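Encoded as structure tokens, the structure appears first; notes follow it.
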Amino acid sequence: MRVLAVVLALAAAAPALAAEPAKPAPKPAVKSAATGAFDARDPGALVGLLASMDAKASIVGGADGVVVLDIATPGGKFGAQFVDCDAQGKACGMVAFSTAFERRGANLAQINVFNRSQVACRGYLTDDGRANVMYGAMLSARTNAAEMKQHLGVWQGCLATFGRFNREPTTFTPGA
């Protein structure tokens with residue numbers, strides 16, 4: 001029902017959106033050194049894409065088909081983990097964005113309430129009781145830079161929603 005309301009709101013706003021002035025052209029997509037085309041399955045392509053978005057990312061490790069990145073954006077820091085990668089740490093099958101919140105307070109039952117209200121964002125508690133949120137995206141050879149930016153946008157939404165939840169888990173109201 002909520003999805004239908006969002007779709008209807010977007011449809012109603014379409015004429016107003018069409019009348020907005022043109023925005024500056026986006027920075028060019030980052031290309032893979034090997035192929036010359038953007039390859040979302042390559043952690044290095046995400047590093048380059050984030051640099052074009054005024055963010056900083058660095059590969060901090062990797063082994064056994066996993067590549068780990070630290071990312072710093074104007075909005076905060078988080079991590080990315082590419083999984084199911086080939087022996088060179090490329091051609092990865094999925095990326096998961098995640099972060100831990102220092103504030104403790106949410107319990108498992110509250111995390112479950114959050115998870116039932118979300119489609120893309122998954123919350124969980126670490127062994128030391130810190131609340132975490134994660135968003136995963138499947139990758140393919142056809143995933144382009146614009147789609148990867150959409151995934152980053154969904155992730156930013158996850159961070160905002162989970163941050164609101166983590167501040168007041170007992171009074172969290174989805175969609176409020």
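Listed by first and then second residue, the pairs with beta-carbon distance under 8 Å, at least 6 apart or on different chains, first residue in segment 126-137 and farther than 11 Å from Ala80 by Cα and of a type in the set (S, T, N, Q), second part of a loop (DSSP other than H, G, I, E, B) and modelled with pLDDT under 95, are Asn132/Phe101; Asn132/Thr126.
None of Gly93, Gly105 is on the phi > 0 side of the Ramachandran plot and out of contact with any Cys (no Cβ under 6 Å at 6 or more places or on another chain) except Gly105. Name the residue that is surrounded by the most Cβ atoms within 10 Å (Cβ to Cβ), counting only residues in segment 91-114 that are over 16 Å from the mean Cα position of the chain (by Cα) and outside any loop (DSSP other than H, G, I, E, B). The selected residue is Phe114.
Scanning segment 158-170 for residues that are in contact with a strand residue (DSSP E or B) (Cβ under 9 Å, 6 or more places away or on another chain) and in a helix (DSSP H, G or I) returns Cys158, Leu159, Thr161, Phe162, Gly163, Phe165, Asn166.
Residues of segment 145-173 that are over 17 Å from the mean Cα position of the chain (by Cα), surrounded by fewer than 20 Cβ atoms within 10 Å (Cβ to Cβ) and touching a residue at least 60 places away in the same chain (Cβ under 8 Å): Arg167, Pro169, Thr170, Phe172.
If the condition is being basic (Lys, Arg) and touching a residue at least 60 places away in the same chain (Cβ under 8 Å), then segment 91-114 contributes only Arg103. Exactly one condition in (1) in a helix (DSSP H, G or I); (2) more than 28 Å from Thr170 (Cβ to Cβ) is false for Trp155; which is it? Result: Trp155 fails condition (2) only. Among the residues making up segment 56-90, those that are part of a loop (DSSP other than H, G, I, E, B) and surrounded by fewer than 16 Cβ atoms within 10 Å (Cβ to Cβ) are Asp64, Gly65, Pro74, Gly75, Asp84, Asp86, Ala87, Gln88.
Return a yes/no flag: does segment 130-143 have any residue that is exposed (fewer than 13 other Cβ atoms within 10 Å of the Cβ), modelled with pLDDT under 95, in a helix (DSSP H, G or I) and hydrophobic (A, V, I, L, M, F, W, C). Looking for residues that are exposed (fewer than 13 other Cβ atoms within 10 Å of the Cβ), modelled with pLDDT under 95, in a helix (DSSP H, G or I) and hydrophobic (A, V, I, L, M, F, W, C), one finds none in segment 130-143, hence no. Scanning segment 76-89 for residues that are over 17 Å from Gly136 (Cα atoms), among the aromatic types (Phe, Trp, Tyr) and in contact (Cβ under 8 Å) with a residue 60 or more places away in the chain turns up nothing.
The values are calculated or read from the model by the stated rules, or taken from the named source; none is laboratory data. Here the structure is a predicted model, which means the values were calculated and not measured. Neighbour counts run over all protein chains shown; Cβ positions are idealised from the backbone, glycine included.
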